[in-house]
Amino acid sequence: MKIKITSIITLALFLSALLSLSAQESKVEWANPFPKGELGTSYTITPNELTDNQKLFEIKKNKIEVLYTWKGDEAPFGMITTNKEYSHFNLELEYKWGERKFAPRLEAKRDAGIVFHIKGEKVVWPTCLECQIQEGDTGDLWVIKGPKVSWFQKDGSEKLLDSSGKKTYIEGDKYGNHEVDGWNKVRVEVRGSKSAKFFENGQLVNELKDFLNADDTPLEKGNIALQAEGSEIIYRNIKIQELK
């Protein structure tokens, strides 16, 4: 009986803590990390020198159109990156693919992505972790140029992904493709260097934990960026909830 009572008390305390955290999160305001008209103060665009007034990204209220006004058959890759660093946060957005694709990915799947915990220079591509946005593969994990993470495989076991050498790692989604025609919703939950979860249309797709820099120090925070990778795409209803 004592064991059962102790177990019940422990479960009750655990549920109470979860409810308390949920209540705290619900009180935290959401903000737009890419406000219109604040280039140079809130965000940067890479590459920043394009000819003939070509634009990779065009912000219209809380919507970002990627490559919709682009002229020509070839387009560079790029990022729109927050100048602020984030550590503990929830990020949500919706995306929809356009019609056009550009060389060098003219024959490839439509591709884009959300990258976070960016460290160092804002180049294409930086040291970071990525929640992939790609036709049929949204929620895949990329570990790029330095970080090490533990990735939960489909059988529940953990796999160390170490990109501190020459290799950049990609791992597939955990629970399959949840993309639909039209608008899709992505949610990325990041808790410092401890954990991250990727969701598409409400379904958990990937889970990882224990983020380290190449020198084995905790990868606790960094900038966030949205990618342009040769395909028309619209991001809308972009919002971030920064947590303590």
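One chain, two ends: Glu92 and Ser42. Fully extended at 0.36 nm per residue, the span grows by 16.2 nm beyond their Cα-Cα distance. Running a GNM on the chain with Cα contacts under 10 Å, which residue among Val186, Val149, Val123 ends up with the highest mean-square fluctuation? Highest fluctuation of the listed residues: Val123. Which one, Glu130, Glu38, Glu58, has the greatest fluctuation when you compute a Gaussian network model over the chain with C-alpha springs under 10 angstrom? Its mean-square fluctuation being the largest, the pick is Glu38. Less than 17 Å apart at the alpha-carbon level, and either on another chain or at least 8 residues along: which lysines does that give for Lys244? Cross-link targets: Lys27, Lys84, Lys194, Lys221. In sequence order, segment 184-200 has phi-based couplings of 10, 10, 10, 10, 10, 10, 10, 10, x, 9, 8, 6, 8, 10, 10, 10, 10 Hz under the Karplus curve 6.51 cos²θ - 1.76 cosθ + 1.60, θ = phi - 60°, and Gly or Pro positions carry x. Here, segment 125-208 yields an orientationally averaged convex hull projection of 5.6 nm² when only Cα atoms define the hull. Subtracting the Cα-Cα distance of Ser150 and Lys167 from 0.36 nm times their residue separation leaves 4.5 nm of extension gain. Spin-label model, Ala31/Gln54: points 7 Å from Cα along the beta carbon direction are separated by 3.4 nm. Between 0 and 90 degrees, the angle of helix 2-27 with respect to the longest Cα principal axis of the chain falls at about 30 degrees.
For segment 157-173, 3J(HN,Hα) computed residue by residue from phi via the Karplus equation (6.51, -1.76, 1.60; θ = phi - 60°) reads 6, 10, 10, 7, 10, 10, 9, 6, x, 7, 7, 9, 8, 10, 10, x, 5 Hz, glycine and proline entered as x.
Springs between Cα atoms under 10 Å define the GNM used for the chain, and in it the highest mean-square fluctuation of Leu91, Leu106, Leu208 occurs at Leu106. The coefficient of translational diffusion for segment 204-244, derived via Stokes-Einstein from the alpha carbon Kirkwood radius under 37 °C and 0.692 mPa s, stands at 234 µm²/s. The mean of 1/r over all distinct Cα pairs in the chain, once inverted, gives the Kirkwood hydrodynamic radius of 19.0 Å.
Under the definition of Cα pairs under 8 Å and six or more residues apart, what whole-number percent is the relative contact order of the chain? Intermediate results must be reported in sequence, preceding the final value.
Working: 575 pairs, mean separation 69.1, N = 244.
Computed over the chain, the figure is 28 percent.
Throughout, read-outs are computed from the coordinates displayed, never taken from laboratory work. None of these values were measured; they are calculated from a predicted model. Positions of Cβ are backbone-derived with ideal geometry, glycine not excepted, and every protein chain shown enters the neighbour counts.
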